Amino acid sequence: MTILTCRGLDGANPLHVLAALGLLRLADRAEPGARLGFALVNTAWRPVLEVGMEREALLTEIAAWLVVLARKGSEDPSLQKRVRELGCLAKKKVEAVKSAAKEAKAEAKRLKHSKVETRGYIQQATAVLDLELAEVALDLGAARKALSLANGLGIAHLGEIIGVNPEIFRQFGEAALEALLSGSLSDDPTTADPILVTGHLPALACDQVVDGDKVKPTPYSFGNGASGQCLLKSFLACAGQVTLERLAATLDGGEVRLVEGRGLTLNWDPEDLRSYALAWDNPESVAKSVDVGANALAYVGLGLLPAVPGPKGLDAVGWGPEDGWTWPVWEPRLPMPVVASLLADRALQAARPDVGSLERRGVCEVRRSARVNPTGKRSYFASSRPC
């Protein structure tokens, strides 16, 4: 048995806690029965992983999983062109319908039709155009589906961001579930691993909660396309650069964990928020040094925080009551199902969590990190505070 104390991760940092959850998911996938807890080391709560594999074998396996999970099929440029063309055509058809309806309404008014007669007059005037628009919409939906599926099945293969048509999202889930029920599991790392994909998709969105014609992304997603921030694309970029050496440095706190580049960070580390007032140059134009291992693991850890329909739209485990994430820090090393249950404990969501009742279950601290958007362009996690 191996006890791995992650001295490079801090239980007060939302990125690091998510990374610890990702470490647990992948360790449990490599060898079921992995456990996770925290230990106070050098004044900070450090994640502690308990697993049956030796350290070197475990880290080699997890690094291999991350690299494989970053692989995707090649997108056919002709599919992208088809989607763009049909999208433009659909917009033109919509405008044509509106224009025809406006003209028909004006004509009905001139003829002094009643409201019922006017409605029928407009429907008759737009009937052909409505049929044409419906056909274009069907073709566009089919083209979008083909483009999405071109990447293959995986935990980040919906495209660059989570927002896709609900039908496409549902199809991904059904394909993963079918693979899981078929028992076609591999002992080696694989991109379309049914266990990881079926566990991860519910954390990204819900096909019953939409924003326009697309699924609404989990509130944990800070990269939904604005200002070039793309959650899924960033994960794939980070995971593709993970090596055994970098992963070990992430867990131990070594400098080699950092990679300089743009479009890598998921904005879950409070240190990602750099104020213009404290910098010589515009921070948005300067490439950041990113812990690619921590960011890649954190995205995998998101799979333990599923999104669910709520009274005001899409909720997610651990999110609220403020606009941010509340998580526990616990000492006993717990198996993954118990960790998932603890993260979803409703006691954590109170404005002032009942720490006493949580302490009886091994929780030693509860922390909360708000989502902030100081520039109006990109969201970040603020530094956490104890509850």
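Quick notes
- Hull-based mean projected area of the range 29-168, where the convex hull spans the alpha carbons, in square nanometres: 15.7 nm²
- Here the Gaussian network model covers the chain, with springs between Cα atoms less than 10 Å apart; of L140, L231, L36, L140 fluctuates the most.
- Kirkwood hydrodynamic radius of the range 77-149, from inverse mean 1/r over distinct Cα pairs, in Å: 13.6 Å
- Going through (i) 22.3; (ii) 19.5; (iii) 23.9, the figure that equals mean projected area of the Cα convex hull in nm² as computed for the structure here is (iii).
- Averaging the sequence gap over all C-alpha pairs within less than 8 Å and six or more residues apart, then dividing by the number of residues, gives the range 77-149 a relative contact order of 50 percent.
- Stokes-Einstein D for the range 240-387, Kirkwood Rh over Cα pairs, 20 °C, 1.002 mPa s (µm²/s): 124 µm²/s
- Proximal aspartates and glutamates to K112, defined as alpha-carbon separation beneath 20 angstrom and excluding residues fewer than eight positions away on the same chain: E103
- Angle in degrees between helix 55-69 and the longest Cα principal axis of the chain, rounded to the nearest 10: 10 degrees
- The charge dipole of the range 77-149, taken about the Cα centre with unit charges on the Cβ atoms of Lys, Arg (+1) and Asp, Glu (-1), comes to about 300 debye, rounded to the nearest 20.
- Per-residue extension of 0.36 nm, minus the Cα-Cα distance of S182 and A150, leaves a gain of 9.3 nm for this segment.
- Per-residue ellipticity at 222 nm computed for the chain from its helices equals -14500 deg cm²/dmol, with DSSP H segments shorter than 4 residues left out and the rest contributing -39,500 (n - 2.57).
- Straightening the chain between I3 and K115 buys 32.7 nm, computed as 0.36 nm per residue apart minus the Cα-Cα spacing.
- Neighbour-count ranking [beta-carbon atoms within 10 angstrom, fewest first] of C230, C387: C387, C230
- Measuring against 26 Å, Cα to Cα, the residue pairs K81/K102; K81/K288; K91/K145; K105/K145; K145/K216 contain K81/K102; K81/K288; K105/K145 as the ones spanning a longer distance.
- Candidates S357, S221, S99, ranked by Gaussian network fluctuation over the chain, Cα under 10 Å, top entry: S99
- Value of relative contact order over the chain, rounded to a whole percent, pairs C-alpha under 8 Å and six or more apart: 22 percent
- From least to most packed, judged by other beta carbons within 10 angstrom and beginning with the fewest, S384, S114 follow the order S114, S384.
- Rg over Rh for the range 115-252 works out to 1.14, using Cα positions for both radii and the Kirkwood form for Rh.
- Largest mean-square fluctuation among V366, V242, V41, in a Gaussian network model of the chain whose springs join Cα atoms under 10 Å apart, belongs to V41.
Computed from the coordinates by the stated procedures, all read-outs in this text should not be read as laboratory data. Keep in mind the model is a prediction, meaning the values are calculated, not measured. Here the Cβ is made from the backbone with ideal geometry for all residues, glycine too, and neighbour counts use every protein chain on show.
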